[in-house]
Amino acid sequence: MSTNQAQLCEVFNSIQGEGLYVGERQTFVRFAGCNLSCQYCDSPQALTIPKEFKVELVPGKKSFQPYANPVSVSQLIEIIKSLDKPKGMTHSLSLTGGEPLLQIDFLKEFLPEFKKELKLPIYLETNGVLPDHLSEVVENIDIVAFDLKLPSATGLSPYWKEHQKALEIATLVEVFVKIVFNKDSKPKELDDAVNLIAGIDEKIPLVLQPVTPFGPIKHRPNAEQILAFQAIAKRKLKNVRVIPQTHKIMGIS
Ligand code: SF4
């Protein structure tokens, strides 16, 4: 009998609003707890561990059923199965947070069990600073959405060493990198990040994500900065796109 359990924040089915898979329908499992404290965290509800997590039974209805934390592997698989409605709509299972890789013991058991029961690809959103944890589960991940953190976005010291190791591991499967930047982000830190990616593989896709236009206006990059940042990245990488968070424009989760 397994004792592995996860602390969650919410489970719901919606449209992926950012990154290379923008517009795809996914079931999202939002893990509770994070090892970083980014200044511009867009999921502050996931930074602490609640007594209950919520499940949106009908996508888009915003009516939630509470479940007690922690959740077992089999219970979470049943919840995910119940959200694939209409059947066949869902492109993949998004593990997000918070930082899912913090709950590595649960993932090591959950991922193989999930793959036995459902054919959905696994899409992992990670802050990319836990390479040892990533290496323990990467064989059961299909797509890594790798959030590479600029010091201007975290307000913390750079994580280049951790990012380098984790990104090398992520290239064992499909990976793209996302970099959030704001008005205060510096060309030099972006260039350092781009050099890190290009040093591993210049073909790794990069999505530059200006902080959401619905955030405080004082943090938003202007058009000139956005174009300049794309130019810096395109000098060294083959596939660079600028994509903001679109789910906020649509008013969905
Ligand atoms: S890594 Fe993600 S969840 Fe954690 S603080 Fe940063 S933005 Fe928020």
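The values are calculated or read from the model by the stated rules, or taken from the named source; none is laboratory data. Remember, it's a predicted structure, so these values are computed and weren't measured experimentally. Positions of Cβ are backbone-derived with ideal geometry, glycine not excepted, and every protein chain shown enters the neighbour counts. Areas reflect the complete protein model, heavy atoms only, side chains present, ligands, DNA and RNA absent. Shrake-Rupley method; radii C 1.70, N 1.55, O 1.52, S 1.80 Å.
Here are a few things to note about the model shown:
- Residue by residue, the range 130-136 carries 3J(HN,Hα) couplings of 10, x, 5, 5, 4, 5, 6 Hz when phi is fed to the Karplus relation 6.51 cos²θ - 1.76 cosθ + 1.60 (θ = phi - 60°); x denotes Gly or Pro.
- The loop-placed trypsin sites (Lys or Arg not before Pro) in the range 157-210, going by DSSP, that have at most 13 neighbouring Cβ atoms within 10 Å of their Cβ come out as K203.
- One decimal place: the segment L156-D132 gains 6.5 nm when fully extended, by the rule 0.36 nm per residue minus the C-alpha distance.
- Whole-angstrom gap from the range 174-196 to the range 98-146, using each part's C-alpha centre: 24
- Only helices enter this figure: runs of n ≥ 4 DSSP H residues, each worth -39500 (n - 2.57), summed and divided by the residues of the chain, yield -9000 deg cm²/dmol at 222 nm to the nearest 500.
- In the chain, the longest principal axis of the Cα atoms and the axis of helix 223-234 are about 90 degrees apart.
- 17 Å Cα-Cα reach of K85 towards aspartates and glutamates, excluding residues that sit fewer than 8 places from it in its own chain: E24, E56, E117
- Centre separation in Å (Cα based) which lies between the range 227-253 and the range 25-72: 25
- Solvent-accessible ranking of R235, R25, largest area first, probe 1.4 Å: R235, R25
- Taking the chain as a Gaussian network of alpha-carbon nodes connected by springs under 10 Å, the highest mean-square fluctuation of the residues T154, T96, T126 belongs to T154.
- The range 20-71 shape via C-alpha gyration tensor axes, a/c threshold 1.5: oblate
- Dipole size of the range 5-250 about its Cα centre, with +1 on Lys/Arg Cβ and -1 on Asp/Glu Cβ: approximately 800 debye, rounded to the nearest 20.
- Solvent exposure, largest accessible area first (probe 1.4 Å, DNA, RNA and ligands not counted), of I15, I197, I169: I15, I169, I197
- Scalar couplings 3J(HN,Hα) for the range 101-112, obtained by applying the Karplus form with A = 6.51, B = -1.76, C = 1.60 to θ = phi - 60°, are 5, 5, 9, 5, 5, 5, 4, 4, 8, 5, 4, x Hz; x denotes Gly and Pro.
- Probe 1.4 Å - accessible area at I252, Å² to nearest ten: 60
- Pairs of Cα atoms farther than 21 Å apart, the range 108-241, %: 43
- Out-of-range pairs (alpha-carbon distance over 22 Å; input K61/K81; K81/K248; K161/K248; K165/K203; K119/K149; K186/K248): K81/K248; K161/K248; K119/K149; K186/K248
- Karplus-based coupling profile of the range 143-159, in residue order and whole Hz: 9, 10, 9, 9, 8, 8, 8, 7, x, 5, 8, 8, x, 10, 5, x, 10, with θ = phi - 60° in 6.51 cos²θ - 1.76 cosθ + 1.60 and x standing for Gly or Pro.
- Percent of beta bridges antiparallel (DSSP, the range 1-129, rounded to nearest 5): 60
- For the range 5-250, the spread of Cα coordinates along the three principal axes comes to 46, 36, 32 Å, biggest extent given first.
- Only beta bridges with both residues in the chain are counted; by DSSP, about 35 percent of them are antiparallel.
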